[in-house]
Amino acid sequence: MIPCIFFARGRCRKGEACTFLHERMLRADDPPVAAFEALIISPDTQGPRLGPNLSGHPQNSSSDSRATVLCRFVTRLGGCRNAACPYSHNIDKPQTNSPGIPEEELKEDDEEDADIDFTRSLSGAAVHFNEFGNVERISLPADFSTARITGLPPHSTPHMVAEIVHGLQVEIDAECIRIPKQDSRLETMAIVRVEDPLFALKLSDKVRQHMTGLKAISLPTDSKPSNARKVYVSWHRPTRVVWLNFTVGGNLNQVAQRFNNAEYKILGQVVKATVEKASTYGHSGFHKPVIGTVTLSNVPADAKSGDIGRIFRYSDRLTHTEMGAPSYMAKHAEVGVDVRSRLEEHGALESFYMPPTQPKKRVKATALFQEEADARSACSLNNTQIPILGKGKLTVTLVQAVKTKISTTIYTASRSMIDQERKRWQEQYLTLHVYHDPLKQFTTLKVEGNDAKIVADARKTIDKIFGGTLLMNEEEVLWSTALNSNGSVYRQLKDIESELNIAISRDKSKRQLRYHGSLDKLAQTVHRVTDLLKEKPATVHYISLDPVQFSWAIRAGFKNIQQALGEDIAAFDVVSKKITIHGTTQQYDEAMDIIAGKRTNAIFGPREAARWAQNDCPICFCEAENPVSTRCNHTYCLECFEGCCKAAASSSAFAFHVKCQGEEGKCTHIFTLQELRDSLSSSVFETVLHSSFQDHIKQHPNLFHYCPTPDCDYIYRCTTSGADRPSHTCANCLELICTSCHALHGRYACAEYKDIQSGGYEALERLKKELNIKDCPKCTTPMEKTEGCNHMTCGGCKAHICWVCMAVFSTSAQCYDHMTEKHGSIGLGLERFAF
């Protein structure tokens with residue numbers, strides 16, 4: 001059918017009565033058209049929630065095809081005045097991306113959870129923080145016990161199991177019970193996990209006493225927390241087969257090649273084309289001479305014959321298009337509901353998300369399970385056919401993901417190194433997503449994959465790249481006291497950054513600079529920074545302020561010092577309450593005179609100070625660099641804000657908190673973790689949480705202790721001397737610790753160990769025999785043999801000793817000769833020798 005030229009111009013007045021084809025001709029610059037059909041299902045949702053297209057069908061604002069063409073009067077002054085105008089009045093244009101930034105980098109993915117979880121795995125414990133960063137609760141693996149109940153009736157539910165256990169006078173919540181999906185031929189099983197270390201043993205005793213048909217056994221509690229609860233589910237969109245019949249003069253091979261080379265696309269999709277044998281009739285037997293047929297596969301099911309016909313040129317000689325049936329008829333939302341129900345057979349979901357439909361070959365959904373075991377069980381659905389998809393199969397993969405947030409400045413400087421790693425990650429089937437916040441101040445990177453170890457290695461690589469390189473000139477760390485302020489030295493350092501397209505981060509507390517960028521510019525940067533710092537030698541003077549002086553300084557007193565001496569000379573640290581003078585003794589004396597009030601010609605009065613305080617950082621009293629605006633309407637330098645947050649732990653005497661320093665330190669606003677998370681990089685935010693955790697442990701020595709083993713930072717819960725289970729095996733170093741006296745005394749009681757410490761000889765000898773410890777016959781230094789042959793060298797006097805008879809020799813050769821002659825061998829393979 002011939003297209004209507006008036007319809008294409010927006011002028012056809014015949015509507016549906018027109019005998020010409022009313023289909024809009026696509027231009028190369030037209031945006032792709034996609035039906036919007038969103039499905040977002042949360043635990044409290046009873047069914048699918050559709051987007052603007054509530055019916056689930058492709059949206060059609062009017063049966064009149066003119067509604068797809070923009071009215072030519074709507075953009076003119078006064079607009080269209082015809083209330084019954086059949087043409088489209090929607091002049092919204094798609095937003096364009098910023099140049100050089102891929103679309104997926106503009107904002108974070110839609111399936112991100114709205115509720116942020118402030119629970120961290122620290123020192124072998126699950127640490128729960130409240131909204132202000134205080135430790136709310138600490139859960140240790142030893143606080144829990146897990147039991148497996150078998151012999152339950154078929155089709156048992158968690159509530160049914162809770163009722164059965166209630167009959168044994170044991171109270172548990174149904175939420176603590178999980179019934180894993182398993183083969184119907186096997187007996188029903190329930191897993192119960194309760195925050196009570198003795199629960200599993202108590203339940204086993206109750207079952208043995210009262211119930212003969214049930215069994216309950218204790219299971220080991222996993223001490224390594226994991227977060228592999230997310231799965232990705234995908235399936236093919238419905239497609240159809242299309243037969244294209246061509247008449248004499250058409251080049252079938254050329255047409256097929258154009259489809260296979262993606263020169264010809266259908267609704268933006270690449271399809272596969274094959275050439276069939278030529279025949280006299282079309283594929284359905286219509287009576288027209290043809291030279292052959294091109295068969296298209298994987299054609300989108302919603303494609304119409306007109307979508308295909310408009311692709312071809314007149315010279316292609318297409319005579320007829322024949323459409324096959326779709327591979328399945330179910331709508332997008334219907335498939336989503338079916339898939340979700342199949343996932344829920346394996347366990348409860350926290351969320352299920354399907355993004356709006358897009359012109360892609362596969363539909364992708366994300367499901368987050370409440371339990372990791374259920375997510376792993378759901379992976380059994382991978383590569384299985386489900387009826388609603390016809391012969392289509394599901395793809396289900398378990399997702400391991402890590403995220404890190406970094407300053408966009410550092411990300412931009414290090415991007416070339418990330419891009420190099422991205423190629424390697426793609427070979428390892430890892431996916432890297434990059435997101436920028438609206439202000440482009442921070443960049444978030446998320447790595448996803450199926451292999452937990454590979455994902456963890458990628459995270460280490462990212463941390464190493466963004467950690468940067470410490471700037472050193474041979475063995476000397478590059479630093480100058482002039483870098484404590486944002487004066488000329490700091491500004492020149494920023495000029496070096498701009499010229500070399502790198503980033504240099506400054507850490508005032510550690511007095512060091514770190515380089516971020518490609519390694520080929522590192523040597524040049526070291527040379528430039530070294531020359532810069534050599535030009536600014538200065539004597540450093542520190543002025544500690546008392547409360548009265550500090551109050552004066554933050555009320556514009558420091559600004560007067562800075563104006564008198566120069567921005568490069570004076571620096572003010574609000575946290576330590578010190579003013580630093582980088583200059584001569586005369587300049588130091590001048591600053592002291594201003595503080596003492598001997599110089600009264602103040603440049604800044606109260607009004608100027610108030611106006612100045614509104615625009616400057618309340619930490620360094622300079623114009624905010626990389627400004628961070630708070631909810632209490634104060635503005636910090638990003639670097640100062642990070643330093644203030646990291647210093648909060650040492651300045652909080654009781655409850656941990658990060659307090660705003662605005663309004664001369666009088667601002668009462670306490671930052672929430674959500675505010676800190678939005679304004680800090682991942683590394684600094686995690687440092688704040690770890691500081692809060694460490695403060696909590698220090699302030700509660702009667703509740704928690706660190707493992708006494710060197711280099712082990714795991715914690716354990718303290719008990720009293722009369723506790724039923726005072727011993728605890730550290731999950732990290734596997735040492736047996738007494739949770740009452742906090743010593744490593746093996747299986748001995750606390751009283752026996754105290755007797756050993758006080759000189760109990762017999763108890764000491766028993767302990768030494770138990771631990772395979774003997775005293776050197778020469779110097780009495782205790783020695784422990786754990787492996788190897790029976791030749792021992794004393795760590796005290798260096799004597800060579802036979803471990804069997806404790807004979808002493810001056811050389812190792814003499815000892816080996818003795819062992820062979822007297823004992824028949826040197827004792828390799830003997831791990832212990834009995835007394």
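None of the figures in this text is laboratory data; all of them are computed from the coordinates on show. Treat the numbers as computed from the prediction; the structure is a model and nothing was measured. Note that we place each Cβ from the backbone using ideal geometry, even for glycine, and neighbour counts take in every protein chain shown.
Kindly state, to the nearest 0.05, the FRET efficiency for HIS155 paired with TYR232, given R0 = 25 Å and r defined as their beta-carbon distance.
So the FRET efficiency works out to roughly 0.25.
Quick one: which of LYS403/LYS440; LYS446/LYS666; LYS460/LYS510; LYS440/LYS578; LYS405/LYS510 span more than 28 angstrom between C-alpha atoms? Let's see the in-between values first.
Details: LYS403/LYS440 17 Å; LYS446/LYS666 39 Å; LYS460/LYS510 23 Å; LYS440/LYS578 33 Å; LYS405/LYS510 22 Å.
In this structure, LYS446/LYS666; LYS440/LYS578 exceed 28 Å between Cα atoms.
Between ASN260 and ASP678, what FRET efficiency comes out of the Förster formula 1/(1 + (r/R0)^6) with R0 = 45 Å and r the beta carbon distance, rounded to 0.05? Don't jump to the answer; show the numbers that get you there.
Working: r = 48 Å, r/R0 = 1.08.
That pair, ASP678 with ASN260, gives E of 0.40.
Distance from a point 7 Å along Cα→Cβ of THR584 to each backbone N in region 480-505: keep the residues under 20 Å and list them by number.
It comes to 481-482, 488-489, nothing else.
What order, most packed first, do the peptides 800-811, 303-314 have when packing is the mean number of other Cβ atoms within 10 Å of each residue?
The packing order, highest mean first, is 800-811, 303-314.
Subtracting the Cα-Cα distance from 0.36 nm times the residue separation, let me have the gained length for ASP205 to SER825 in nm, one decimal.
My answer for the length gained is 218.0 nm.
Which three lengths, in whole Å and largest first, does region 145-219 cover when its Cα atoms are put on their principal axes?
Projected onto the principal axes, the Cα atoms of region 145-219 cover 32, 25, 21 Å.
How many angstrom lie between the Cα centre of region 381-452 and the Cα centre of region 304-352?
Taking the Cα centre of region 304-352 as reference, the centre of region 381-452 is 26 Å away.
Between GLU427 and GLU686, what length in nm is gained on full extension when 0.36 nm per residue of separation is reduced by their alpha carbon distance?
90.2 nm
Residue by residue through region 196-210, what is 3J(HN,Hα) from phi via Karplus (6.51 cos²θ - 1.76 cosθ + 1.60, θ = phi - 60°)? Round to whole Hz and write x for glycine and proline.
With the stated coefficients, region 196-210 comes to 7, x, 9, 4, 4, 5, 4, 5, 4, 5, 4, 5, 5, 7, 10 Hz.
At 0.36 nm per residue, minus the direct Cα-Cα distance, what do CYS632 and CYS805 gain on full extension? Give it in nm, one decimal, please.
54.5 nm
Modelling each spin label as a point 7 Å along the Cα-to-Cβ direction, I'd like the GLN524/HIS742 distance in nm, to one decimal.
So the two model labels end up 5.5 nm from each other.
Each label point is 7 Å from the Cα along the Cα-to-Cβ direction; what then is the distance between the points at CYS667 and TYR542, in nm?
Using points 7 Å along Cα→Cβ, the separation is 2.7 nm.
Tell me, what is the FRET efficiency for HIS166 and ASP338 to the nearest 0.05, using R0 = 35 angstrom and their Cβ-Cβ distance as r? Don't skip to the end; give the middle numbers.
Values: r = 36 Å, r/R0 = 1.02.
According to the calculation, E is roughly 0.45.
In nm, give the distance between the simple-model label positions of GLU567 and GLU735, each being 7 Å from the Cα along the Cα-to-Cβ direction.
So the two model labels end up 5.3 nm from each other.
Just add up the charged neighbours of ASN383: K/R +1, D/E -1, any other residue whose Cβ is under 13 Å from the Cβ of ASN383. All intermediate terms of the calculation are to be shown ahead of the outcome.
Values: positive: LYS391, LYS393; negative: none.
After counting each charged neighbour, the total is +2.
Express in whole angstrom the spacing between the alpha-carbon centres of region 682-720 and region 562-594.
That distance is 39 Å.
Compute the convex hull volume of the Cα atoms of region 398-467, divide it by the residue count, and report the result per residue in Å³ as a whole number.
Normalising the Cα hull of region 398-467 by residue number yields 70 Å³.
Ordered by packing density, taken as the mean number of other Cβ atoms within 10 Å over each peptide's residues, highest first, how do 337-344, 155-162 rank?
Peptide ranking by packing, descending: 337-344, 155-162.
Please report, in whole Å³, the volume per residue of the convex hull around the C-alpha atoms of region 430-525.
Hull volume normalised by residue count: 145 Å³.
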